[in-house]
Amino acid sequence: VDLPPDELAVAAWVLERGRPAGTGTETLPGASALYLPLTTGERVVGVLAVRPERAADVQSPEPLNLLEAFASLTAQAVARAEAADEAARARVEAEGERLRGTLLGSISHDLRTPLAAIAGSAETLLSDGEAIDAATRRELVAAIHHQAQHLGRLVANLLDMSRLESGGVDLRCEPQSMEEIVGAALARLEALLGTTPVSVAIPADLPLVPCDAILVEQVVFNLIENALKHTPHGTAIDVAAHATPDALVIEVSDRGPGLPAGAAERVFEKFYRGRSGAMPAGAGLGLAICRAIVEAHGGWITAAGRAGGGAVFAFALPLDRAGEPTP
C-alpha cells in the first residue's frame, strides 16, 4: 500500500531512531498507523506498520506485546534473508574469482606453449637460417604456421564464447544443407586432420534445416577437432546424420579412450579439460561453444560412450524453429 508523504515521514523517523511511533504512542500520535521498528541487536532492518480500526486497540499491553513479538520475529526473518542474500553474493563472487583464475591459468598455459614453439622456430631461422637445409627450413616455417593457427583458434573461441554469453550473436537462420555444412567444416580442418581418415555418412535425401550455417559449421568443426585430440593416430572419425520427425541429428564419433565416469555433462562446461592426446587440450571452450550455439537454435547436444570404445557427440537442430526436439 502506498503511504502518503506524512506517513512515510513517520516510518522514516522510526527507521532512523529505532523507537515506536504513530497512533497509540506518545510520539507522532496523529499518524493513521502504529509504526514499530524491526530490530536485530542494535540494527534496524525495517519498519512494521499496523493500521488499527481504533487507536485504543493497540494501546493496551496485551495487543502491543503481541505486535512487538511479531515485529521481533519479522526482524529475525528479514535478517536471515539478508544473511542468505549476502552468502549468495559471496558465493557468486567466489565463483567468479575461481572462474577468472581458471581462465587466466588456462589461457596463460595455452598461450605459452604455441608462443614458445613459434619463438623457438623463428629464433632458429634467424640465427642459423643460412646453415639450415631447405627441408628443415620448411619444417620450421610449417611449425610456426601451425602454432599461429592454433593461437588464432584459441582467440576465436574466446571471442565466440564472450559474444554468445553476452547475447551479442544474432542467428541468421535459413534452410541449409547439412552435407554442405559438414563439407565446409572438413575443408577448414584439412591441415589438422592430415592422414586421419574421416568417414562421412549423410543421406542425400535429408531435409534442409533452418539454422545459421556459419555457427553450425563451427559446432561441427569443434566436435571433429575435439575427436581428433582424443583419437589414436590413424584411427577414423565418423560423422553421420539422420532425420527424426522434428529434428536433424548429427553425430561425431571416435575410437579414443571414451569419456571419464561422470563427464558426459561436464565436458560441455567452460574450461573443463578432458584427457589430452597428441594435440593441445585447449582452454576447454570448444564444447561449451557447441552447446551455446545448439541451444540458441532450440536444439540439444549430448555426449556418451560408444559401443566398442570411444565417444559419441550428438546434437540436434529442430526442423521447425518453433519446436524444441528432445534427446
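For the stretch 5-102, run through the GluC sites (Glu not before Pro) and keep only the ones in DSSP coil with at most 12 other Cβ atoms within 10 Å of their Cβ.
Details: sites: 7, 16, 26, 42, 53, 68, 82, 86, 93, 95, 97; in loops: 26, 42, 53.
Hits after loop and neighbour filter: 26, 42, 53.
Kindly provide the helix-only [θ] at 222 nm of the chain, computed as the sum of -39,500 (n - 2.57) over DSSP H runs of four or more divided by all residues, to the nearest 500 deg cm²/dmol? Before the final figure, lay out each step's value.
Numbers: 7 runs with 162 residues, N = 327.
Mean residue ellipticity, 222 nm, calculated: -17500 deg cm²/dmol.
What are the radius of gyration and Dmax of the stretch 198-261, computed over its Cα atoms and given in Å?
In Å, with Rg to one decimal and Dmax whole: 13.2, 37.
Percent relative contact order of the chain, based on C-alpha pairs within less than 8 angstrom and at least six residues apart? Please list the in-between numbers first.
On the way: 476 pairs, mean separation 37.5, N = 327.
Once normalised by length, the contact order is 11 percent.
Once the convex hull of the alpha carbons of the chain is built, what does its volume come to per residue, in cubic angstrom?
Once divided by residue count, the hull of the chain is 240 Å³.
Taking each pair of distinct Cα atoms in the stretch 111-250 once, what is the resulting Kirkwood hydrodynamic radius in Å? Please list the in-between numbers first.
On the way: mean 1/r = 0.0565 Å⁻¹.
Hydrodynamic radius (Kirkwood, Cα pairs) of the stretch 111-250 is 17.7 Å.
What's the whole-number percent of alpha carbon pairs in the stretch 8-55 lying beyond 17 angstrom?
Numbers: 273 of 1128 pairs.
Roughly 24 percent, once rounded to a whole number.
Taken together, the values in this text are just the output of simple stated rules run on the coordinates, not laboratory data. Remember, predicted model here, so these are calculated numbers, not experimental data. Neighbour counts are summed over all protein chains in view; Cβ atoms, including those assigned to glycine, are modelled from backbone coordinates with ideal geometry.
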